[in-house]
Structure formats: C-alpha cells, structure tokens
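The values are calculated or read from the model by the stated rules, or taken from the named source; none is laboratory data. In this text, all values refer to a predicted model and were calculated from it rather than measured experimentally. Backbone-built Cβ (ideal geometry, glycine too); neighbour counts: all protein chains shown. In case anyone asks, the SASA skips ligands and DNA or RNA and just uses the protein heavy atoms, side chains included. Shrake-Rupley method; radii C 1.70, N 1.55, O 1.52, S 1.80 Å.
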Amino acid sequence: MPQTHHRVVIAVFPDVDLLDVTGPAEVFALANRESGGRAGYEVRLAGPGPAGEAVATSAGVRVVTDLGMADVGAAVDTLLVPGAVDPGPEGPRARIDDGLVEWIKATAPHARRVASVCVGAHLLAAAGVLDGRRATTHWSTAAQLAADHPRVDVDADPIFVRSGRVWTGAGISACLDLALALVAEDHGEDLALAVARQLVVYLKRPGGQSQFSVPISRPASSRRDLDELRRYIGEHLDEDLSAAALAARMCLSERHFSRVFAQETGATPAGYVEAARVEAARRLLETTDRPLEHVARACGLRSVETLHRAFRRQINTTPAAYRRRFRTT
C-alpha cells in the first residue's frame with residue numbers, strides 16, 4: 001500500500017453523541033496501525049470555539065478540540081458530521097444549530113467526501129447537502145428528516161447509504177460500519193477487514209442491511225423459555241417451525257402456545273418465523289449470488305413462490321429487486 005494522506009475533520013459541539021465522534025476516530029486510528037501508518041488518516045476534532053476547548057458530549061464525557069471550525073479551511077479530505085438530539089413528547093428530535101449549518105455549507109464543498117453519523121444527517125440536510133439524494137438517519141428521527149426536508153429521499157432502513165460523494169449513516173453503532181466502508185473505499189477490503197477484526201465486529205454489514213433485525217426489533221420476553229425458543233428458531237430456519245412443532249417443543253398445547261407467544265412477543269408464531277426467514281434471506285441476497293431457489297430452501301421458505309410472497313408481506317418488494325439494490329461485492 002502506498003503512503004497516502006487523508007485529513008478527516010469531525011465536528012464536535014455541545015451534547016454531541018460521544019460514540020459518533022470516537023467510533024469513527026478509532027476506526028481510522030486502527031487503520032493507521034494495521035497498515036503500518038500507510039493509511040495516512042489524520043483525524044482532527046473541530047469545535048465552535050478555539051483549539052483546545054473542552055466540549056461536553058451527551059454522555060457527559062468531555063472531548064478536547066484540535067482546532068476551531070473557523071480554522072478548518074479547505075484542506076479537508078473527509079468531513080464527518082455527527083449529531084445531537086433533544087427529548088420531545090413524541091420521542092427524540094434532532095437538534096439543529098444555525099451556526100453549525102452555516103459552517104457545513106461553507107466547508108462541505110471543499111471536502112472530497114462528506115459523511116454524517118446518526119442524526120448528523122439532519123444537519124447535512126439543513127445545509128442543503130442532501131437535496132436530491134437518498135439518505136438515512138437514526139430510525140427514531142427519520143420521520144422528522146422526511147417532514148423537514150422533502151427534497152431528501154429518506155430511507156429509514158439501511159445502516160448507511162452512499163450517494164456519490166455523500167454518505168449518511170444510521171444510529172449509534174452504525175458509525176463503525178460507515179467508517180469501515182470509508183476505509184474499504186480508500187484502501188480496500190483487506191485493510192477494513194483487519195480493522196474489523198481488531199474491533200471484534202462483523203465485516204462488513206452491507207449498507208443496505210436493515211437497522212433492525214428480528215431479535216432486536218422484538219422486545220425480550222419475560223419468559224426465559226420463550227427467549228430460548230426464539231434463539232432456536234433463528235438457528236433452525238430450514239426445519240419444521242410450524243406452531244404445532246414449536247408448541248410441542250415447549251410442551252404446550254398449540255392453542256395455549258400461540259396465545260402465550262403473541263402476548264410475549266407481539267407477533268404470531270407464523271409471523272415471527274416468516275420475519276426471521278426473510279431476514280436470513282436478505283443476508284444471503286446481500287452477500288451471495290446463490291440462486292433464489294437455494295436461498296428459499298436455506299431459509300426454510302421452500303420455494304421461490306413462497307419467498308416472493310414473504311418478501312411482499314414483510315418488506316414490500318421482490319427478492320430480485322432487493323438483491324439489485326443491496327448486493328455487495
């Protein structure tokens with residue numbers, strides 16, 4: 001790998017989400033270490049005040065800036081904008097600071113690429129950077145982003161989206177996925193994989209992968225046996241997972257099992273199993289070229305026709321269309 005130089009400027013400001021700042025910074029630092037310094041990332045924190053100012057993050061931890069925003073200038077390879085939220089009666093709302101928006105307007109045109117982390121997408125949108133582009137943000141503020149900025153094509157599902165030189169990432173831990181994708185763009189998959197191994201994270205979750213998965217989108221049950229059953233379902237998708245078979249595994253009547261399962265998970269057994277199978281099929285479509293027949297069988301959906309119907313019910317698209325949009329090389 002030839003020696004390169006990438007000046008990464010991360011905006012910091014009061015109540016910024018701490019992981020949105022430190023997560024990408026750690027990815028770039030590890031890329032330098034794993035490449036023997038040849039990756040050439042120089043990370044600088046820019047704040048609204050002078051260099052050396054301590055800025056309190058949302059976690060209460062203070063970070064010290066390397067330079068003031070007024071001193072950033074045009075020498076920016078990657079401009080990375082995190083965000084902050086304010087509590088509201090209907091959930092969190094992304095905070096918009098007019099001074100920060102004006103700084104982004106002035107700085108973004110000079111950067112080779114611009115990226116937002118989590119609700120930082122709202123700041124990019126307010127600066128006009130996302131006009132006419134597809135973008136994502138944290139799922140909890142996606143409706144706000146769409147309502148406030150109708151010229152932005154908001155997609156609340158992916159963990160990150162690339163639109164030309166502009167990248168947007170979803171909530172919190174997705175900052176690692178976004179930063180790993182930037183490293184892969186700059187230096188290839190091998191270095192990104194080496195960094196991911198050091199972070200002990202999965203490389204690489206495709207940008208099109210959902211912010212949600214069946215395990216995390218369903219609340220934990222108050223019954224340990226049901227949680228164990230859900231793990232069993234995820235590990236045996238190609239087996240008989242009918243309500244009768246699952247009830248027998250729980251040593252309950254089918255009727256009683258179905259009632260308890262719905263009360264604890266908010267889904268019918270059949271609906272939960274189908275959602276889990278579709279999620280597994282999505283991962284195969286994103287990461288492999290296996291024929292649809294093989295995907296359907298591997299996930300327990302048996303046939304392409306059943307796969308199509310399940311995709312229509314769960315995510316309102318077809319398997320082929322999903323693969324075209326989200327297939328990663």
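Brief remarks follow.
- Filtered by the rule that a residue be more than 21 Å from Arg282 (Cα to Cα) and open to solvent by 40 Å² or more (accessible area, probe 1.4 Å), the stretch 150-175 gives Pro150, Arg151, Asp153, Gly164, Arg165, Ile172.
- Yes/no for Arg283 being over 21 Å from Arg162 (Cβ atoms), of a type in the set (D, E, K, R) and not in a loop (DSSP other than H, G, I, E, B): no
- Taken together, Arg44, Arg38 contain a single residue that is among the basic types (Lys, Arg), open to solvent by 20 Å² or more (accessible area, probe 1.4 Å) and part of a loop (DSSP other than H, G, I, E, B), which is Arg38.
- Residue check, Arg33 surrounded by fewer than 18 Cβ atoms within 10 Å (Cβ to Cβ), under 24 Å from Arg165 (Cα atoms), at pLDDT 95 or above and over 22 Å from the mean Cα position of the chain (by Cα): no
- Within the stretch 198-223, considering residues that are in a helix (DSSP H, G or I) and modelled with pLDDT under 85, the one least open to solvent (accessible area, probe 1.4 Å): Val214
- Looking across the stretch 48-62, just one residue is open to solvent by less than 20 Å² (accessible area, probe 1.4 Å) and under 25 Å from the mean Cα position of the chain (by Cα), and that is Thr57.
- Set side by side, the residues Arg282, Arg255, Arg231, Arg259 differ, and just one is in the same structural domain as Asn316 (by the TED database), charged (D, E, K, R) and surrounded by 14 or more Cβ atoms within 10 Å (Cβ to Cβ), which is Arg282.
- In the stretch 311-329, residue nearest to the chain's Cα centre (by Cα) [restricted to those that are under 20 Å from Gly234 (Cα atoms) and surrounded by fewer than 20 Cβ atoms within 10 Å (Cβ to Cβ)]: Ile315
- Condition met for Pro14 (touching a Ser or Thr at 6+ places or on another chain (Cβ under 9 Å), in contact (Cβ under 8 Å) with a residue 60 or more places away in the chain and open to solvent by 20 Å² or more (accessible area, probe 1.4 Å)): yes
- Scanning the stretch 1-35 for residues that are aliphatic (A, V, I, L, M) and either part of a helix (DSSP H, G or I) or closer than 17 Å to Ala181 by Cβ (or both) yields Val8, Ile10, Leu18, Leu19, Val21, Ala25, Val27, Ala29, Leu30, Ala31.
- Taken over the stretch 117-137, the criterion of being at positive phi and open to solvent by less than 60 Å² (accessible area, probe 1.4 Å) is satisfied by Cys118, Gly128.
- Criterion: assigned to a strand (DSSP E or B), modelled with pLDDT of 95 or more and either of a type in the set (A, V, I, L, M) or open to solvent by 50 Å² or more (accessible area, probe 1.4 Å) (or both) - qualifying residue of Val114, Val101: Val114
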